[in-house]
Each structure stands twice: as C-alpha cells, then as structure tokens.
Amino acid sequence: MSSPLVTVTVPSLNQGDFLHAALESIFAQNVSVEVFVLDAGSSDHSVEVIKSWAPQLAGWRSRKDAGQAAAINEGMRMGSAPYVCWLNSDDYYLAGGLMRLVNALDKSPGFPAAYGRVWNVDVHGNKIRPYWTVPFSRRHLANRCFISQPGTLIRRSAWEQAGGVDEHLRMAFDYDLWWRLYLQFGELLYVDAFVAANRRHDLTKTTINRREHYREAMNLVRR
C-alpha cells in the first residue's frame, strides 16, 4: 500500500445529512489520502455515517472539543502526508479536484499552498454561482477573501512552520492562515480550474454569524 499523499481533516458537528457526500467525494479522488473525522459530539445521525466509513478512515472520534480550529489542528497532527487540507462536512470535492491541486504544487515547489476555483451550491448541491476567485493579489486579499477554503491544499512543511490555524479565532481562521502563509512564504498558487463545492445553507456558521465573521476578518487585516 502506498504512503498517503494528502492528509484530509474533516471537522463536523450535526452535519449528518451532508457528511456522507463529503467523505464520498474525498475517497473518489484519484489520490492516496489519510482521512480523519473530528466530530464534536453530534446529536444527529453523524456517528452512524462515520461508522459506515470507518474501515476507510485513518481515524475518527466524536466528543465535545475546543472548537473547529482546534479540531482541524488535531487532525493534522494525527497525519503524516506531505500535503494537508481540511474539508468541512457540508462541502465536497469535484471529480479530480484534489489531484489538480497536488499536481500544481508538485510542479511549483516554491509555493506554500495552492487554491482552485469553487462553486457555491445550494443545500441540494445545485450550482448557484462561482465563488469569486482571482490570481493571488495582496491588494485583493486585504479587501476580500478570494480564496475559498474547500479548494485549497497546503504543504505540510508550510502548515507546521505557520503553526496551523489559530485556535483563538472562531470564524476567519482560514483567512488568517492565508495571510500568514503569504507573509511567511510568499504568494499562494492559483489553479484556474474548479476543484470543489461550497454548500450554502441557513445552518452554516458563516451564515448564522455573518457579522462576527466580518468583524474578525477586518480585525486581522488591520493587525
């Protein structure tokens, strides 16, 4: 059996309706992966879904934790693959998406991470519109996050040197990570291809806490 190429961490809480599709999309990628599901003690049918995938998972747990960022860092520490990413349990990869990102970083060793294009989709997976994504620009990043997290892949070496995601942040820890990777290593690599889908629905943390998300993002840009 070949060594895993990508560590995929899946943080989740009460997303049983979407978790199967997320995991199915990961294992459908033509990439050797090690997948860790970090469930924060769901009260829905999430654990049943996780158990159905357990033979293919590198590890999983279900218990109250210190939040999404802490769970992501926990999952990354459990893995050893040279590339890392996380996929929220209501998002999913498009066919061949992860391989596109791996190939892009393999061919461009000077970049700490890569990001591709992402579709915003509704609760049923129907396309709404593309997430606004452009080639890397500090000016654009200071005004708007043009990197959609489901469409990203990071070198483990850069992840570890950057210290992972900031567990003190609740909403904009991905945006914060893009800034820290850029300031420490340089621009992130843009892949002009659709690689993932970001599911938009009324129960996402960003939708429920949109004001808090904006405040956190603006504060970190000022910092």
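The values are calculated or read from the model by the stated rules, or taken from the named source; none is laboratory data. Computed from a predicted model, the values in this text were never measured in an experiment. Cβ placement follows ideal geometry from the backbone for every residue including glycine, while neighbour counts extend to all protein chains displayed. With ligands, DNA and RNA removed, areas are computed over all heavy atoms of the protein, side chains included. Shrake-Rupley method; radii C 1.70, N 1.55, O 1.52, S 1.80 Å.
Structure above, values below:
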item	result
Distant-in-sequence amide H partners of PHE194 (H built 1.01 Å from N, under 5 Å)	ARG117
Using θ = phi - 60° and Karplus 6.51 cos²θ - 1.76 cosθ + 1.60, couplings along the stretch 155-163 (whole Hz; Gly, Pro as x)	5, 4, 4, 5, 4, 5, 5, 6, x
Peptides 128-134, 91-97 ordered by average Cβ neighbours within 10 Å, highest first	91-97, 128-134
³J(HN,Hα), Karplus 6.51/-1.76/1.60, whole Hz, each residue of the stretch 88-97, x for Gly, Pro	4, 6, 9, 9, 7, 8, 8, 4, x, x
Gyration tensor verdict on the chain (Cα atoms; rounded if a/c is under 1.5, prolate if a/b is larger than b/c, oblate otherwise)	rounded
Carbon plus sulfur fraction of accessible area for the stretch 63-186, probe 1.4 Å, in percent	50
Hz values of 3J(HN,Hα) by residue in the stretch 37-42 - Karplus curve (6.51, -1.76, 1.60), Gly and Pro given as x	9, 10, 8, 8, x, 4
Within the chain, helix-based [θ] at 222 nm, where runs of 4 or more DSSP H residues each add -39,500 (n - 2.57), nearest 500	-11000 deg cm²/dmol
Packing-based order for 19-32, 180-193, using average beta carbon neighbours within 10 Å, highest first	19-32, 180-193
Global geometry of the stretch 24-76, whether rounded, prolate or oblate, following the gyration tensor of its Cα atoms and the 1.5 cut on a/c	oblate
